[in-house]
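Encoded as structure tokens, the structure appears first; notes follow it.
The values are calculated or read from the model by the stated rules, or taken from the named source; none is laboratory data. All values derive from a computational prediction rather than experimental measurement. Reconstructed Cβ throughout: ideal geometry from the backbone, glycine too, with neighbour counts over all protein chains shown.
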Amino acid sequence: MQLSCSWTRRSTTILGLCLLSLATACGSSDASDTSNGVVDEQPSPELYGVTTTTTTTTLSRRAKRVYGAKSAASPTLTSIAPTHGTVAGGTTVTVAGTSFDSGAAVTINGAPCTNVVRVSSTELTAVTPAGTSGAGDVVVTNPDAQHATLASAFTYDTAVAASPTPSSPTAPSTPTAPSTPTSPTTGTGSLRGTNLVGMEGGYGFNATNGPIPNTDYPVHSTAVIDYLASRNINVIRFLFSWERMQSTLGGPIPAASSGNYKAYFDDYKRIVDYATNVKGMTVIMEPWQAGASGGVGGPSWRGNLVGNGVVTNAHFADFWSKLAMVFANNPRAAIGLVNEPNAIDTMKWFAAAQAAITAIRATGFGGEIQVPGNGWTGAGSWNETWYDTGSPQRSNAYGWLNARGPGLPLLDPLGKLVVGVHTYADADAGGSTTSVISGTVTRDRVKVVVDWARTNGLKVFVGEVGMYAAATNASANWASFVSYLDANADTLTGFAWWGCGQPGWWDDVAASGGGHFSITPTGGYTGDTVNMNMIKGAFHPSTT
């Protein structure tokens with residue numbers, strides 16, 4: 001089956017549009033929410049999926065994080081709760097209806113509500129503005145200007161004055177929902193930041209002409225970096241695509257001296273240079289690869305796993321040698337070898353990692369190198385073996401310590417290897433839902449790999465961590481993780497939140513079809529999402 005996949009921007013959401021010769025060959029869309037094109041998939045934990053909606057399919061960033069074609073339907077309004085609030089404003093309301101798009105606005109009597117959060121295509125939360133006594137119309141407007149009105153649906157009540165009689169209690173105003181608590185401000189000495197997403201993606205773009213800017217990927221504005229720096233973020237894990245950097249195995253980087261391939265390379269390097277040289281951030285450069293089925297491919301090129309005969313360890317080493325040379329003189333550049341290895345022989349993966357490490361150091365690149373494990377590099381499963389396709393099955397712990405042969409661990413002559421792991425707070429640790437299963441789940445999962453790393457004199461970086469801030473247990477879980485990070489800074493070097501992108505490409509704060517947990521800036525690169533409000537206390541001003 002011929003599959004052509006590309007990331008496309010359509011209105012205010014990310015769409016991975018893949019045109020199929022036979023759409024029905026990829027599966028059904030029985031579970032899709034056709035009000036906004038979100039498809040609810042149920043693949044294996046932490047896999048990316050390809051799903052169909054009629055004649056289109058979508059390539060998702062993570063299992064069950066899937067967007068289908070955006071609905072053109074107008075929004076509808078069915079209710080607002082509560083229906084009353086004070087004239088001073090500040091009442092948190094929930095608006096129900098259909099076809100709410102990311103970036104939808106809410107007004108009452110023409111005055112805009114604040115802190116509007118799209119929980120799903122059928123639910124928004126917002127905080128009421130000040131108003132005058134009486135009933136007012138509630139209006140929801142999508143970014144495409146389609147809107148819906150619920151007439152006289154919210155009533156402003158005149159505040160009740162306190163009685164002069166001491167024994168008579170003052171009538172309370174409608175309480176404002178408590179703001180999401182932030183984590184404690186931390187000390188210095190660690191990397192704390194976010195993933196910057198959008199330049200990764202599938203390889204179904206036109207291989208001859210290369211990926212098209214603002215169609216196959218967003219052209220990031222430096223205003224996003226300015227915003228992140230203003231929140232004291234000091235590290236960005238910046239994802240990209242191997243096939244877009246190097247269009248032929250063993251070929252040059254950039255893949256061409258002009259045209260779309262050169263534009264892609266220039267767009268990526270421009271952000272790396274700005275973040276590191278102007279804003280003083282560390283940037284972890286890491287490829288996100290799609291597999292042959294459209295899922296997360298780990299160490300692969302055009303769907304072929306490294307070490308399978310088509311793509312060799314030498315090809316992987318060649319790629320990293322050439323890209324490392326580009327940034328060899330940038331002291332704030334770091335490398336993540338690849339996103340989430342999976343469905344691979346554990347020992348073969350660590351052999352490929354060693355080949356890349358050796359090649360990178362031969363270029364003179366002196367920055368940190370983060371090495372992930374097999375099994376989607378899950379923090380809590382580091383010592384387990386179920387993910388190994390080889391025989392006998394080996395854990396990541398074993399693979400690292402025996403990568404060059406029995407008793408011979410991964411070797412970096414500079415001693416700057418870091419264990420890169422991912423973790424989410426739902427039941428399968430894949431970030432596919434908004435569920436946070438306990439107030440300590442993230443800490444508990446990270447502790448597994450930190451304990452192992454400390455014993456072996458290694459460092460750990462959590463390259464992906466995320467949750468929906470408004471979910472039950474989220475605030476407690478986040479505070480627990482940050483407290484653990486502070487207490488274990490000798491081994492745990494930091495984290496990158498999942499995720500942030502260019503506004504209009506990565507805006508979902510919750511889990512519409514899968515967890516995106518956006519901290520993408522709002523309101524003209526100045527506003528915070530509910531997730532940023534929860535986590536920003538973990539970031540501290542730079543001391544360098």
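Quick grid of which residues meet (1) of a type outside the set (Val, Ile, Thr); (2) within 24 Å of residue 275 (Cα to Cα); (3) surrounded by fewer than 24 Cβ atoms within 10 Å (Cβ to Cβ):
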| position | (1), (2), (3) |
| --- | --- |
| 314 | yes, no, yes |
| 338 | no, yes, no |
| 341 | yes, no, no |
| 355 | yes, no, yes |
| 359 | yes, no, yes |
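The condition of being outside any loop (DSSP other than H, G, I, E, B), touching an Asp or Glu at 6+ places or on another chain (Cβ under 6 Å) and crowded, with 19+ Cβ neighbours inside 10 Å does not hold for residue 400. For the stretch 216-229, residues that are out of contact with any helix residue (DSSP H, G or I) (no Cβ under 7 Å at 6 or more places or on another chain), surrounded by 16 or more Cβ atoms within 10 Å (Cβ to Cβ) and either hydrophobic (A, V, I, L, M, F, W, C) or farther than 24 Å from residue 279 by Cα (or both) total 4. What number of residues in the stretch 487-528 are part of a loop (DSSP other than H, G, I, E, B) and either under 30 Å from residue 449 (Cα atoms) or out of contact with any helix residue (DSSP H, G or I) (no Cβ under 8 Å at 6 or more places or on another chain) (or both)? Residues flagged as part of a loop (DSSP other than H, G, I, E, B) and either under 30 Å from residue 449 (Cα atoms) or out of contact with any helix residue (DSSP H, G or I) (no Cβ under 8 Å at 6 or more places or on another chain) (or both) within the stretch 487-528 amount to 24. Entry remark, the stretch 249-259: residues being closer than 27 Å to residue 305 by Cα, surrounded by fewer than 22 Cβ atoms within 10 Å (Cβ to Cβ) and of a type outside the set (A, V, I, L, M) number 3 in total.
Across the stretch 312-323, a minimum of one residue is classified as assigned by TED's automatic domain parsing to the domain that holds residue 411, more than 15 Å from residue 246 (Cβ to Cβ) and not acidic (Asp, Glu). For the stretch 362-397, the candidate set comprises residues that are aliphatic (A, V, I, L, M) and farther than 19 Å from residue 287 by Cα; within that set, the residue that is farthest from the chain's Cα centre (by Cα) is 362. On inspection, residue 237 qualifies as basic (Lys, Arg), touching a Ser or Thr at 6+ places or on another chain (Cβ under 8 Å) and buried (at least 18 other Cβ atoms within 10 Å of the Cβ). Within the stretch 197-226, residues that are more than 17 Å from residue 262 (Cβ to Cβ) sit with their Cβ atoms under 7 Å from residues that are basic (Lys, Arg), at 6+ positions apart or across chains, in these pairs: 197/61; 203/302; 218/9; 225/279. Using the structure shown, decide if residue 205 is in contact with a Leu (Cβ under 6 Å, 6 or more places away or on another chain) and of a type outside the set (Asp, Glu). Taking the combined requirement at face value, the residue does not satisfy it.
Could you please let me know if residue 237 is basic (Lys, Arg) and either assigned to a helix (DSSP H, G or I) or over 17 Å from residue 289 (Cα atoms) (or both)? Judged against the criteria, residue 237 is not a match. You will find that of 501, 515, the residue that is farther than 20 Å from residue 419 by Cα and modelled with pLDDT under 95 is 515 and no other.
The one condition from (1) over 25 Å from the mean Cα position of the chain (by Cα); (2) hydrophobic (A, V, I, L, M, F, W, C); (3) surrounded by 17 or more Cβ atoms within 10 Å (Cβ to Cβ) that residue 325 does not meet is (3).
Condition check ((1) among the small types (Gly, Ala, Ser); (2) touching a Pro at 6+ places or on another chain (Cβ under 8 Å); (3) touching a residue at least 40 places away in the same chain (Cβ under 8 Å); (4) over 25 Å from residue 415 (Cα atoms)) across all residues:
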{"position": "355", "(1), (2), (3), (4)": "yes, no, yes, no"}
{"position": "360", "(1), (2), (3), (4)": "no, no, yes, no"}
{"position": "363", "(1), (2), (3), (4)": "no, no, yes, no"}
{"position": "366", "(1), (2), (3), (4)": "yes, yes, yes, no"}
{"position": "373", "(1), (2), (3), (4)": "yes, yes, yes, no"}
{"position": "377", "(1), (2), (3), (4)": "no, yes, yes, no"}
{"position": "383", "(1), (2), (3), (4)": "no, no, yes, no"}
{"position": "389", "(1), (2), (3), (4)": "no, no, yes, yes"}
{"position": "392", "(1), (2), (3), (4)": "no, no, no, yes"}
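Every test in (1) of a type outside the set (Gly, Ala, Ser); (2) within 22 Å of residue 515 (Cα to Cα); (3) surrounded by fewer than 22 Cβ atoms within 10 Å (Cβ to Cβ) is passed by residue 124 save one, and that test is (3).
Just one of the listed residues (366, 407, 336) is assigned by TED's automatic domain parsing to the domain that holds residue 241 and closer than 17 Å to residue 462 by Cβ, and it is 336. Residues in the stretch 201-210 that are closer than 19 Å to residue 297 by Cα and either modelled with pLDDT of 95 or more or among the small types (Gly, Ala, Ser) (or both): 201, 202, 204, 207.
Quick check, is residue 229 closer than 23 Å to residue 326 by Cα, out of contact with any strand residue (DSSP E or B) (no Cβ under 7 Å at 6 or more places or on another chain) and aliphatic (A, V, I, L, M)? For residue 229, the condition - closer than 23 Å to residue 326 by Cα, out of contact with any strand residue (DSSP E or B) (no Cβ under 7 Å at 6 or more places or on another chain) and aliphatic (A, V, I, L, M) - is not met. Contact map, the stretch 464-482: residues that are farther than 24 Å from residue 116 by Cβ paired with residues that are of a type in the set (Ser, Thr, Tyr) and not in a loop (DSSP other than H, G, I, E, B), Cβ distance under 6 Å, separation 6+ or inter-chain. Pairs shown: 465/423; 477/442; 481/442.
Restricted to the stretch 279-310, and to residues that are β-branched (Val, Ile, Thr) and within 11 Å of residue 341 (Cα to Cα), which residue is surrounded by the fewest Cβ atoms within 10 Å (Cβ to Cβ)? Checked the stretch 279-310; the qualifying residue surrounded by the fewest Cβ atoms within 10 Å (Cβ to Cβ) is 296.
Regarding the stretch 114-121, can at least one residue be identified that is surrounded by 15 or more Cβ atoms within 10 Å (Cβ to Cβ), modelled with pLDDT of 50 or more, polar (S, T, N, Q) and over 26 Å from residue 510 (Cα atoms)? No, the stretch 114-121 contains no residue that is surrounded by 15 or more Cβ atoms within 10 Å (Cβ to Cβ), modelled with pLDDT of 50 or more, polar (S, T, N, Q) and over 26 Å from residue 510 (Cα atoms).
Selection of the stretch 331-379 for residues being within 21 Å of residue 255 (Cβ to Cβ) and either part of a strand (DSSP E or B) or not aromatic (Phe, Trp, Tyr) (or both) yields 333, 335, 336, 337, 338, 339, 356, 359, 360, 363.
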